[in-house]
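Asker: My structure is below; once you've seen it, I'll send some questions.
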Amino acid sequence: MALDRISLLSFRNHTASELDDTRQFNLLIGENGAGKTNVLEALSLLAPGRGLRRAALPDMAGQSGPGGFTIGASLKEQGHESARIGTQVDPDQPTRRIVRINSANASAASLGEWLAMGWLTPAMDGLFTDSAGARRRYMDRLALAVDPGHARNASRYETAIRERNKLLEDRSEATWLDAIEAQAAEYGSAVSAARQSLLAALTDELSALPDEPFARPILTYRAGGPVEFETLRAELRSQRSRDRAAGRTLSGPHRDELEVVMSGNGQPAAHCSTGEQKAMLIAITLAHASLASEGRPGVLLLDEVAAHLDEVRRAALFARLRGGRAQVWFTGTEEAPFASILDEAAIWKVSGGQLQRL
């Protein structure tokens with residue numbers, strides 16, 4: 001199953017673009033700024049979340065359009081359409097995202113039941129040296145592609161923690177704190193469980209891979225507090241004085257950390273070379289794509305990945321993807337890095353937000 005009959009209306013620099021007759025490998029070629037990544041961003045909005053750029057909805061609307069945008073695509077299996085999915089923003093409500101599945105209104109979270117989406121972009125190259133919060137968001141995005149219900153738990157946990165912090169500041173009665181801490185513990189334990197399950201599954205996928213040509217990472221989940229419901233609730237209750245003095249909650253999944261070291265030498269990823277970090281990110285991305293596409297159609301968006309790999313690693317990347325279940329979308333400034341897959345790929349030339357099928 002794959003995405004096909006894709007349409008972009010008034011999205012970024014695409015006034016009206018269509019992509020039909022897609023394949024397992026799909027290639028967007030064009031100069032920097034032509035609109036290649038905009039296509040990938042549009043596809044990423046066919047999954048729950050804020051998309052691969054995490055941009056505000058009004059920023060995605062085409063400047064020459066009325067202020068909104070529309071993205072649609074068909075899910076096809078063996079040449080037959082099984083569903084039509086889409087997302088749009090109306091000009092009169094520029095901050096509200098509307099999702100439709102088979103012409104009926106639906107929640108953004110429900111998109112995850114139809115499609116498992118993953119991506120790797122140049123902006124992610126600094127993940128291992130970025131903040132712990134960036135790595136938590138990364139874990140949650142990967143977990144969401146495997147378990148669509150994770151977004152709801154993460155959102156409700158964050159809401160409960162914000163409310164608890166406010167109640168602590170206002171010195172509210174203990175009964176109010178008891179209630180909100182029970183909610184925080186309920187959703188927090190679910191968030192922790194999903195993150196642990198994700199990393200365990202990724203570890204199993206990665207353990208079957210060789211250390212070369214992509215450096216194999218070892219992933220470790222470091223909990224920011226108790227992970228079981230009762231122990232987390234007890235921790236929150238016992239640390240009210242500490243947290244009131246700090247002005248924030250100091251225990252819980254919002255303090256989690258993802259630790260990554262390179263197999264073989266045990267070097268923390270943050271201390272590895274840029275090339276080694278990129279290779280580990282690719283290894284995680286491939287393992288996750290295999291994992292996420294087991295029960296649903298999988299789509300993998302790879303922005304400017306092949307150009308930064310040597311010939312050996314490019315060949316290994318294409319071989320892994322060819323043997324996987326996910327539909328893959330590549331971007332590049334030229335065809336040369338993709339020479340070995342041109343015969344099997346659907347190719348579009350992108351220029352000024354216009355698409356030409358090659």
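The values are calculated or read from the model by the stated rules, or taken from the named source; none is laboratory data. It should be emphasised that the depicted structure is a prediction, and the values quoted were computed from it without experimental measurement. As a convention, Cβ positions derive from the backbone with ideal geometry for all residues, glycine included, and neighbour counts pool all protein chains shown.
Asker: From the set of residues in region 229-247 that are among the charged types (D, E, K, R) and surrounded by 14 or more Cβ atoms within 10 Å (Cβ to Cβ), which is nearest to Ala154 (Cα to Cα)?
Answerer: Arg233
Asker: Would you pick out the residues in region 163-178 that are out of contact with any Lys or Arg (no Cβ under 7 Å at 6 or more places or on another chain) and surrounded by 14 or more Cβ atoms within 10 Å (Cβ to Cβ)?
Answerer: Glu163, Arg164, Leu167, Ser172
Asker: While we're looking at this one, here's another question. Looking at region 197-214, which of its residues are in contact with a Lys or Arg (Cβ under 9 Å, 6 or more places away or on another chain) and surrounded by 14 or more Cβ atoms within 10 Å (Cβ to Cβ)?
Answerer: Leu206, Leu209, Pro213, Phe214
Asker: Also, quick follow-up: Being in contact with an Asp or Glu (Cβ under 9 Å, 6 or more places away or on another chain) and over 30 Å from Asp243 (Cβ atoms) narrows it down to one of Ile98, Ile85, so name that one.
Answerer: Every option except Ile98 fails the conditions.
Asker: Only one of Ala208, Ala223, Ala201, Ala185 is within 30 Å of Asp310 (Cα to Cα), of a type outside the set (Lys, Arg) and touching a residue at least 12 places away in the same chain (Cβ under 8 Å); which?
Answerer: Exactly one residue qualifies, and that residue is Ala201.
Asker: Can you report the number of residues in region 268-280 which are modelled with pLDDT under 95 and touching an Asp or Glu at 6+ places or on another chain (Cβ under 8 Å)?
Answerer: Total meeting the criteria: 3.
Asker: While we're here: Considering each of Glu304, Glu334, Glu311 in turn, give the residue that is under 29 Å from Gly112 (Cα atoms) and among the acidic types (Asp, Glu).
Answerer: None of the other options fit; the residue is Glu304.
Asker: Okay, next question. Does region 148-157 hold any residues that are surrounded by fewer than 17 Cβ atoms within 10 Å (Cβ to Cβ) and either in contact (Cβ under 8 Å) with a residue 24 or more places away in the chain or not in a helix (DSSP H, G or I) (or both), and which are they?
Answerer: Gly149, Arg152
Asker: Sort through Arg23, Arg5, Arg50 and tell me the only one that's within 20 Å of the chain's Cα centre (by Cα) and basic (Lys, Arg).
Answerer: Arg50
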